[in-house]
Amino acid sequence: MLRDLRGILSVSKARAATLRMQLKNIEVDQIKTRADLAQIPVLRKADLVARQKEMPPFGGACGTRPGALQHLLMSRDVTFQPEGQAKDWWNSARALFAAGIRKGDIILNCFSYHFTPDGHMIDSGLRALGCPVIPAGDHDLEAAQIAIDHYGPVAYCGPSDYLKTLLDMCIERGRPVTTVKRAFLGCCLTSSAVPADFAAYDIACYAGYMTGDLGIVAYESDARDGLIVNEGLIVEIVKPGTDDPLPAGQIGEIVVTRLCADYPLLRFGTGHLSWIIAGPSPCGRTNMRIRGSLGRVGESVTVADHVIAPAQIAEIAARHADVRRLRLLISGAAQPILQGESADDGAALQAKLAEEFFAVTKLRAAVEILPVGCLPADGLLICDQRPKQS
């Protein structure tokens, strides 16, 4: 992959001003290891947005002129993305295959085709697999129901909340969806929570981590054990606010290098948090795995050089039906305090929560069990009361 990256950068550097900026004082021919790659500064999302305003349309990051591209796209956050002419340009076919979609399957694609990359991203992978596509988008539930009744799709691709709304509407009208058996939801969440939401509908759901800049970064398989990094990408986890890679198991920012001559994003900082899972997937796929997106960098906190994300607190809470609400309180105390509401205030529950908090975050915390109703119902999983630095 690094050999291929050197070839792409050698050609694209002359066409992309952003690459020239990142590669200043760096010899492309010397990028032979991940340590060499880590010497290149990270291009973060906010930097790319600013450059797109200064150098439209793509901020000097595109290696192909606009007139030679297939689609000129715009995400909902008013950032701009190209799509090239190559087959399965977004590398989505592999993720869809892992979700059980096969040649000849009729697919209802409810990702938006309106300006945004999402619908086109999935459409390209489905066509590469040889699947007929119903290009539904996410704007017309009535039409989607008619199309389901008429064509009988076997799989759904689209947002999870849209699928839930669609299924419930069909049930209310006495026309439940019976043909759809699989779904690729393309959300950032990883795991068992997503399929469980649709178990009552007899639909096997698969999650993925997809962005308009990079396509499908990582995807879920039948193993349901993290997300497998897509091929054609080099993924690093770096310490937030730095360019420094972290080892497996430590939470940090997802940084992606995309091996694409049209849009050769180099060490692109997504702003999302995750960590690397050591070892191959139980399903047999051998590429790197990540836990999935655990929130955004700005939502996390750093305590004693440990980055803690809200999703980690949610993971602990999900293991305890007897704990109604859980939050981490950070103040000037020596240790953060993991607060939970429960009718069980015994020492065994406190010890278990403390043990699980350390296992998930590698940080020690005091545990405080409060009566039900004592914690504010504000949805906060981390309450940082430390004085702000001026």
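Structural descriptor for the chain: relative contact order 11 percent, calculated from alpha carbon pairs under 8 angstrom and at least 6 residues apart. The 3J(HN,Hα) values that the Karplus relation (6.51, -1.76, 1.60; θ = phi - 60°) gives for segment 177-187 are, in residue order, 7, 10, 8, 6, 10, 9, 8, 10, 9, x, 8 Hz. Gly and Pro appear as x. For Tyr209, nonlocal amide neighbours, meaning residues 5 or more places apart or on other chains whose placed amide H falls under 5 Å from its own, are Val217, Ala218, Tyr219. Cross-link partners for Lys181 among the lysines, with Cα-Cα distance under 26 Å and sequence neighbours closer than 8 places in the same chain left out: Lys103, Lys164. Would you list, by chain and number, the aspartates and glutamates whose Cα falls below 19 Å from the Cα of Lys362, excluding same-chain residues fewer than 8 positions away? Partners found: Glu253, Glu299, Asp305, Glu315, Asp384.
Rounded, prolate or oblate for segment 267-315? Axes are the square roots of the Cα gyration tensor eigenvalues, ordered a ≥ b ≥ c, and the cut-off for rounded is a/c under 1.5. It is prolate, given that a/c is not under 1.5 and a/b is the larger ratio. Per-residue Karplus couplings for segment 223-233, computed as 6.51 cos²θ - 1.76 cosθ + 1.60 with θ equal to phi - 60°, are listed in order as 5, 6, 10, x, 10, 8, 5, 5, 6, x, 10 Hz, Gly and Pro entered as x. Rounded, prolate or oblate: which fits the chain, taking a ≥ b ≥ c as square roots of the Cα gyration tensor eigenvalues, rounded meaning a/c under 1.5, else prolate when a/b beats b/c? Cα axes put the chain in the oblate bin. Note on surface exposure: Thr178, Thr165, Thr257, Thr286 rank Thr286, Thr178, Thr165, Thr257 by accessible area, highest first, 1.4 Å probe. When every Cα-Cα distance of segment 219-288 is counted in 10 angstrom steps from zero, the calculated P(r) takes the values 21, 47, 29, 3 percent. Would you mind getting me the FRET efficiency between Ala14 and Arg127? Use the beta-carbon distance for r and R0 = 35 Å, nearest 0.05. Efficiency at R0 = 35 Å is approximately 0.60.
Helical runs (DSSP H, four residues minimum) scored at -39500 (n - 2.57) apiece and divided by the length of the chain put the mean residue ellipticity at 222 nm at -7500 deg cm²/dmol. Residue-wise HN-Hα couplings along segment 45-54, as the Karplus relation 6.51 cos²θ - 1.76 cosθ + 1.60 with θ = phi - 60° gives them from phi, are 3, 4, 5, 5, 4, 5, 5, 5, 6, 7 Hz; Gly and Pro carry x.
Restricting to bridges with both residues inside the chain, how much of the DSSP beta-bridge set is antiparallel, in percent to the nearest 5?
Values: 34 of 56 bridges.
Percent antiparallel among DSSP bridges in the chain is about 60.
For segment 170-265, GluC sites (Glu not before Pro) are listed when DSSP marks them as loop and at most 16 other Cβ atoms sit within 10 Å of their Cβ; the list is Glu231. Restricting segment 25-83 to trypsin sites (Lys or Arg not before Pro) that sit in a DSSP loop and have at most 13 other Cβ atoms within 10 Å of their own Cβ leaves Lys32, Arg76.
The residues of segment 1-69 expose on average 56 square angstrom of accessible surface per residue, using a 1.4 Å probe on protein heavy atoms. Shape class for segment 106-173, computed from the alpha carbon gyration tensor (a ≥ b ≥ c): oblate, with a/c not under 1.5 and a/b at or below b/c.
The values are calculated or read from the model by the stated rules, or taken from the named source; none is laboratory data. Fair warning: this is a prediction, and the values are worked out from it, not measured in the lab. Heads up, the Cβs are rebuilt from the backbone with ideal geometry, glycines too, and the neighbour counts pull from every protein chain shown. Heavy atoms of the whole protein, side chains included, go into the accessibility calculation; ligands, DNA and RNA do not. Shrake-Rupley method; radii C 1.70, N 1.55, O 1.52, S 1.80 Å.
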